[in-house]
1. With a 1.4 Å probe and every protein chain left in place, work out the accessible area per residue of segment 1-98 in Å², rounded to a whole number.
2. Farthest toward the dipole's positive end in segment 1-75, which of MET1, THR13, THR54, given Cβ charges of +1 (Lys, Arg) and -1 (Asp, Glu) about the Cα centre?
3. Which length gain, in nm to one decimal place, applies between LYS26 and LEU91 when the Cα-Cα distance is subtracted from 0.36 nm times their residue separation?
4. About its Cα centre, what dipole magnitude does segment 1-126 give when the only charges are +1 on Lys and Arg Cβ and -1 on Asp and Glu Cβ, stated in debye to the nearest 20?
5. Taking 7 Å along the Cα-to-C-beta vector as the label spot, tell me the PHE11-GLU120 distance in nanometres, rounded to one decimal.
6. Tell me, what % of the accessible area of the chain is carbon and sulfur with a 1.4 angstrom probe?
7. Where the centre of each part is set by its Cα atoms, how far does segment 1-60 sit from segment 153-175, in angstrom?
8. Counting Lys +1, Arg +1, Asp -1, Glu -1, what net charge surrounds ARG184 among other residues with beta carbon under 14 Å of its beta carbon?
Amino acid sequence: MVIAEDIKKSFGTLEVLRGINLHINKGEVVSVIGASGAGKTTLLQILGTLEKPTSGRVIINNTDVANLSDDAISDFRNKNIGFVFQFHQLLPEFTALENVMIPALIANRDRKQIEKRAYELLEFLNITARAEHKPMELSGGEKQRVAIARALINNPAVVFADEPSGNLDSHNAVELQRLFFSLRDEFGQTFVIVTHDNHLASMCDRMIHIQDGLVSAD
């Protein structure tokens with residue numbers, strides 16, 4: 001599902017990634033762990049097509065994204081990649097349901113079908129009762145469930161999550177961990193999770209350790 005070949009990334013004279021190679025299979029839940037500054041988030045942004053590598057290539061779902069134009073990458077990202085962030089990134093002026101629907105509306109899909117799918121995801125995530133509430137009316141755990149539903153609305157090939165449990169209390173963190181595996185079992189979803197949460201990391205199918213810009217263990 002995801003192949004990274006000799007990924008290097010520098011910011012000026014600072015070399016953050018020094019030659020990352022990895023393969024992630026369809027349906028895997030993989031954690032990326034390492035000390036702060038090791039390059040985890042930079043790697044996630046490159047794998048998610050939000051950032052371009054200095055050299056190397058990324059292949060997602062059999063597409064070499066380096067060969068795509070900026071417009072084509074944006075379209076590919078919208079249709080093939082979902083994101084879950086530590087701070088949710090929900091739009092405050094929209095309801096939970098509307099936030100979930102936004103990526104599919106951008107993709108110009110049929111609105112009735114989008115709304116139906118959004119309700120199905122909210123139901124699976126046990127948050128249908130909060131569909132008409134705006135983010136400020138939701139708890140941290142509820143916001144993260146809405147963010148996960150939004151990430152899944154376009155049936156992406158892979159979901160990238162950056163510290164998804166970082167802002168949650170222990171109870172909601174455990175619930176979130178269970179959700180990832182339920183979603184994998186229900187939809188065959190692939191997850192790549194950057195985390196400092198050792199419990200979440202250890203539950204995953206694989207742990208990829210990043211140290212000094214390289215894969216130190218897999």
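1. 49
2. Selected residue: THR13.
3. Values: separation 65, 0.36 × 65 = 23.40 nm, distance 3.02 nm.
Once the chain is fully extended between LYS26 and LEU91, it gains 20.4 nm.
4. 160
5. 4.0
6. Carbon and sulfur together cover 48 percent of it.
7. First find each Cα centre; the distance between them is then 19 Å.
8. -1
The values are calculated or read from the model by the stated rules, or taken from the named source; none is laboratory data. Just so we're clear, the structure is a prediction, and the values are computed from it rather than from any experiment. Glycine also receives a Cβ, built like all others from the backbone with ideal geometry; neighbour counts cover every protein chain displayed. Please note that ligands, DNA and RNA were not included when accessible areas were found on the heavy atoms of the full protein model with its side chains. Shrake-Rupley method; radii C 1.70, N 1.55, O 1.52, S 1.80 Å.
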